[in-house]
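**Q** The structure that follows is given in the form of structure tokens.
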Amino acid sequence: MRDKQFADITELLRGLEQVEPDLKLRVYDKTGKVFPEPFSNAYASDFQERLHIALKNDESNQFFYPEEAPEYIALLLPLQNAQGERVGKLVFIRALREMRRDLEVTKRNLAFSTLAFILIAAPLSGFIYLVYIDWPLRRLEDGMKQIQEGNFSPLPLGNQEDEIGVLLKTFNTMAAELASARQALKEEAQSRRQVQAALQEADKLITIGQLSAGLAHEIGSPLQVLKGRAEQLLLRPDQSEEVVRHARILASQSERITHIVQQLLEFTRRRPPHYNSIDLCDPISAVLNLLEYEAHKKQVNLNFEAAADLPLIYADSDGIQQIVLNLITNALSAADPGGQIDVIVQPHQFSSNSYSNETAEAVQLIVRDNGHGMTQETLEHLFDPFFTTRHGQGGVGLGLAVARSIVIAHHGSIKAQSSPGQGSTISVILPVDKRYHDTD
């Protein structure tokens, strides 16, 4: 190399050391001469010895000094000319003090960051756990306790859409199903109690009917004797006017009692339905005669209106009597003293085919009272079996249900209209044509 080149290299290496004081650079030629000057005695002798050994190696080399807790790192790189011949080595020696200081700072920063992360993340994680896991599970636990106490109210859900939210929604669905099942069980138990009460009441009514039938037979014979004696008194010409008057009263009232007893026997006697052409007014009149005394006792006026030239209907007379008896009995129970019950029979036309405008002839029975009336809720259940608003008066809720079943058996219809305080109107439509019964 020329002197100018050595001077340039020396200036370059010194400039690099000024920029990076912890980095020392030296160039060794193949004879062992060093540029710009040898390393100072600041490096230990054994470090210098190890460096000279590494310089004899033609390959790249590096080592730490000392090996344990090193203070320096040395890197040796071979230098070659354009022909590939080795001309020397470039040596880098870097003090590790600054790196150690940076490493300690990094360790401290990492420890501080870790501690800060723990201090921030721990409360945040706890809050997230409380909001999304602990509180929903506590609500679920409270909901289970509510169900144990019989409260099936749904739990508040919020906007939680994770697994806990799905669990709460499923729990609410289960609670709603349990509430429905419990309500169904309650209704079933209530229906069972009503059926049992109705059966007991029906058994009593059967017993009373049997006793009444026997009593009617027992009353019949003495009544005939009384009637015969009264008629004999009327046949005697020498009786005073007062005796004749009392004899006539006795005979007429005995006849009336006999007629009532016969009607009672007719109503208590069970027989299969017998359909034939009847005048609807006949069974209605029979029921009105039977209930005349009851209406008189309650001071209720029974008014019967029938249109002229009514067509005959094909019906079971006993079944019609049962319908009229139940309707008028209910009207009497709703009427106040001084009230009125209107029983109206009139011709009617009804649609015989829902797909056309065809009409058929029928007879309409209307029973109207000016009593207390009914609410909409009562109207909805009026014809349900065992539904009654007269528990205190011994009602069992079978009268109108039986009446409806008989009307349906006659291929007719029955409906009710009422408002609280406005009285009630029940309308029964019975077809005239026999062919509606022949289809059975």
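**Q** Name every residue in segment 300-321 that is part of a loop (DSSP other than H, G, I, E, B) and under 18 Å from residue 373 (Cα atoms), in order of residue number. Spell out how you get there, then give the answer.
**A** Step one: list which residues in segment 300-321 are part of a loop (DSSP other than H, G, I, E, B), which gives 300, 307-312.
Scanning segment 300-321 gives a single hit, 300.
**Q** Among residues belonging to segment 114-133 that are closer than 22 Å to residue 170 by Cα and open to solvent by less than 80 Å² (accessible area, probe 1.4 Å), point out the one that is farthest from the chain's Cα centre (by Cα).
**A** Keep residues of segment 114-133 that are closer than 22 Å to residue 170 by Cα, which gives 129-133.
Now narrow it down to the ones that are open to solvent by less than 80 Å² (accessible area, probe 1.4 Å): 130-131, 133.
Values: 130: 30, 131: 28, 133: 27 Å.
Checked segment 114-133; the qualifying residue farthest from the chain's Cα centre (by Cα) is 130.
**Q** Could you check segment 73-90 and list, in sequence order, the residues that are in a strand (DSSP E or B), out of contact with any helix residue (DSSP H, G or I) (no Cβ under 7 Å at 6 or more places or on another chain) and open to solvent by less than 70 Å² (accessible area, probe 1.4 Å)? Break it down stepwise before answering.
**A** To start, the set of residues in segment 73-90 that are in a strand (DSSP E or B) comprises 73-80, 86-90.
The next check asks that each one be out of contact with any helix residue (DSSP H, G or I) (no Cβ under 7 Å at 6 or more places or on another chain); those that pass are 73, 75, 77-80, 86-88, 90.
Once the filter is applied, which keeps residues that are in a strand (DSSP E or B), out of contact with any helix residue (DSSP H, G or I) (no Cβ under 7 Å at 6 or more places or on another chain) and open to solvent by less than 70 Å² (accessible area, probe 1.4 Å), segment 73-90 yields 73, 75, 77, 78, 79, 87, 88, 90.
**Q** Determine, yes or no, whether residue 127 is farther than 30 Å from residue 65 by Cα and out of contact with any helix residue (DSSP H, G or I) (no Cβ under 6 Å at 6 or more places or on another chain). Give the steps one after another, and end with the answer.
**A** Numbers: farther than 30 Å from residue 65 by Cα: yes; out of contact with any helix residue (DSSP H, G or I) (no Cβ under 6 Å at 6 or more places or on another chain): yes.
In short, yes.
Rundown of residues vs (1) part of a helix (DSSP H, G or I); (2) aliphatic (A, V, I, L, M); (3) exposed (fewer than 10 other Cβ atoms within 10 Å of the Cβ); (4) touching a His at 6+ places or on another chain (Cβ under 7 Å), yes/no style:
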{"residue": "16", "(1), (2), (3), (4)": "yes, yes, no, no"}
{"residue": "25", "(1), (2), (3), (4)": "no, yes, no, no"}
{"residue": "32", "(1), (2), (3), (4)": "no, no, no, no"}
{"residue": "39", "(1), (2), (3), (4)": "no, no, no, no"}
{"residue": "43", "(1), (2), (3), (4)": "no, no, no, no"}
{"residue": "47", "(1), (2), (3), (4)": "yes, no, no, no"}
{"residue": "51", "(1), (2), (3), (4)": "yes, yes, no, no"}
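**Q** A follow-up question, please. Taking the options 345, 367, 363, 324, name whichever one is within 30 Å of residue 191 (Cα to Cα), in a strand (DSSP E or B) and either open to solvent by less than 30 Å² (accessible area, probe 1.4 Å) or modelled with pLDDT under 85 (or both). Walk me through how you get there before you give the answer.
**A** Values: 345 fails: within 30 Å of residue 191 (Cα to Cα); 363 fails: within 30 Å of residue 191 (Cα to Cα); 324 fails: in a strand (DSSP E or B).
Result: 367 is the single residue among 345, 367, 363, 324 that is within 30 Å of residue 191 (Cα to Cα), in a strand (DSSP E or B) and either open to solvent by less than 30 Å² (accessible area, probe 1.4 Å) or modelled with pLDDT under 85 (or both).
**Q** In addition: Could you tell me whether any residue of segment 134-141 is exposed (fewer than 11 other Cβ atoms within 10 Å of the Cβ) and of a type in the set (D, E, K, R)?
**A** yes
**Q** Same structure, new question: Only one of 264, 233 is at pLDDT 70 or above and surrounded by 12 or more Cβ atoms within 10 Å (Cβ to Cβ). Can you tell me which? Walk me through it before giving the result.
**A** Working: 264 fails: at pLDDT 70 or above.
Going through 264, 233 in turn, the sole match is 233.
**Q** Looking at residue 295 and the list (1) under 15 Å from residue 403 (Cβ atoms); (2) open to solvent by less than 20 Å² (accessible area, probe 1.4 Å); (3) part of a helix (DSSP H, G or I), which single condition is not satisfied?
**A** With (1) under 15 Å from residue 403 (Cβ atoms); (2) open to solvent by less than 20 Å² (accessible area, probe 1.4 Å); (3) part of a helix (DSSP H, G or I) applied to residue 295, the lone miss is (1).
**Q** A further question follows. Does residue 3 satisfy being within 22 Å of residue 87 (Cβ to Cβ) and modelled with pLDDT under 70? Don't jump to the end; show me each part of the working.
**A** Details: within 22 Å of residue 87 (Cβ to Cβ): yes; modelled with pLDDT under 70: yes.
Yes; evaluated as a whole, the condition is true for this residue.
**Q** Moving to a separate point now. Restricting the first residue to segment 291-304 and requiring it to be closer than 14 Å to residue 333 by Cβ and of a type in the set (Asp, Glu), which pairs with a second residue that is exposed (fewer than 11 other Cβ atoms within 10 Å of the Cβ) and modelled with pLDDT of 85 or more meet a Cβ separation below 9 Å and a spacing of at least six or different chains?
**A** Close Cβ pairs satisfying both conditions: none exist.
**Q** Here is a list: 179, 111. Which entry is open to solvent by less than 90 Å² (accessible area, probe 1.4 Å), under 30 Å from residue 69 (Cα atoms) and assigned to a helix (DSSP H, G or I)?
**A** Numbers: 179 fails: under 30 Å from residue 69 (Cα atoms).
Step by step, each of 179, 111 is checked, and only 111 is open to solvent by less than 90 Å² (accessible area, probe 1.4 Å), under 30 Å from residue 69 (Cα atoms) and assigned to a helix (DSSP H, G or I).
The values are calculated or read from the model by the stated rules, or taken from the named source; none is laboratory data. Being a predicted model, the structure only gives us computed values, none of them experimental. A quick note on method: Cβ atoms are made from the backbone with ideal geometry, for glycine too, and the neighbour counts reach across all protein chains shown. Side chains are part of the model used for accessible areas, which takes the heavy atoms of the whole protein and leaves out ligands, DNA and RNA. Shrake-Rupley method; radii C 1.70, N 1.55, O 1.52, S 1.80 Å.
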